[in-house]
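The values are calculated or read from the model by the stated rules, or taken from the named source; none is laboratory data. All figures in this text were calculated on a predicted structure; none of them were measured in a lab. Every residue, glycine as well, gets a Cβ built from its backbone with ideal geometry; the counts of neighbours run over all protein chains shown.
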Amino acid sequence: MNNLDSSILTWINQLACKSQVFDTTLYTITHSHLLKGGVLVAIVWWLWFRRDKKQTVKRLHILATYVGCIAAIAVGRLAAFLLPFRARPMHDAEFYFFFPYGLEAGELSGWSSFPSDHAVLFFALATGLLFASKRAGICALLYTVVVILFPRLYFGYHYPSDIIAGAVVGAVIAVLSNTVFITRTRFTVLANWTFSKPLVLYALFIFFSFHIVEMFGSSRAVIRIGLRWFGILPA
């Protein structure tokens, strides 16, 4: 653990167990897909249907952002799999972690903390929203930092460096998807189809919105089963 991680976590951990109501409320938030991805996806849909002169361009950026989210979570999981294992603060013997109310010692045992999946995915989503609407993007970024990421530090799920690294990865991928992919003709055609042929695209849009809300948990479970079938992962 570096000095930055240690200093920030020590300061945050001093707040633990001061209020059972605060701890249990924060614990509920950090385990609620509705209060995490659900709120951000609601912002996405609000922007999608908001009528103005730049609606086609905004939809183009939203589509590009969703592509970026898929790429970001894939990169984040690949990094966690390939990089050396890093124990979470709540499991780190070098750091005396004082458990807040509601937190169980065995949570996320065996899962590497670097980088933070939450930071990767939701920073990708919030950064992408900046291209569609600066005001909505800033609100999404603030919500991500305060409501989604702070509790993960508070409960010892991540080090600050896990969050920072994940945020950088997510933001960079979102910027690339909104500056490189968006110039492709196919993306423009896709955005136009949202007006002329919405049925299939809306079905896919709802499908991927659901996966973003639950952080692709169902998809990852299916992929793990497939990898076990082919002997890539142990049964």
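For this structure, a couple of remarks:
- In region 70-118, the qualifying residues are those that are among the hydroxyl-bearing types (S, T, Y) and in contact with a Pro (Cβ under 9 Å, 6 or more places away or on another chain), and the one that is nearest to G166 (Cα to Cα) is S113.
- When residues of region 206-233 are limited to those that are in a helix (DSSP H, G or I), in contact with a helix residue (DSSP H, G or I) (Cβ under 8 Å, 6 or more places away or on another chain) and modelled with pLDDT of 85 or more, the one surrounded by the most Cβ atoms within 10 Å (Cβ to Cβ): I212
- Any chance S112 is part of a helix (DSSP H, G or I), under 27 Å from Y96 (Cβ atoms) and of a type in the set (S, T, Y): no
- Near pairs, Cβ below 9 angstrom, 6+ apart or cross-chain, from region 29-51 (within 26 Å of Y157 (Cα to Cα) and touching a residue at least 12 places away in the same chain (Cβ under 8 Å)) to any residue that is hydrophobic (A, V, I, L, M, F, W, C) and not in a helix (DSSP H, G or I): T30/F155; H33/M215; K36/M215; G37/M215
- Within region 212-227, the set of residues being farther than 13 Å from L40 by Cβ and of a type outside the set (G, A, S) comprises F216, R220, V222, I223, R224, I225, L227.
- Considered as a group, the residues in region 82-123 that are modelled with pLDDT of 85 or more, aromatic (F, W, Y) and within 22 Å of the chain's Cα centre (by Cα) include one that is nearest to I12 (Cα to Cα), and that residue is F114.
Matching residues to (1) of a type in the set (D, E, K, R); (2) in contact (Cβ under 8 Å) with a residue 24 or more places away in the chain; (3) crowded, with 16+ Cβ neighbours inside 10 Å:
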residue	(1), (2), (3)
A74	no, no, no
L78	no, no, no
L83	no, yes, no
R88	yes, yes, yes
A93	no, no, no
P100	no, yes, yes
A105	no, no, no
S109	no, no, no
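- Subset of region 27-70 [surrounded by fewer than 17 Cβ atoms within 10 Å (Cβ to Cβ), in a helix (DSSP H, G or I), of a type outside the set (S, T, Y) and at pLDDT 90 or above]: I29, L34, L35, G38, A42, W45, W46
- Summed over region 153-167, the residues that are in a helix (DSSP H, G or I), over 12 Å from the mean Cα position of the chain (by Cα) and not hydroxyl-bearing (S, T, Y) give a count of 5.
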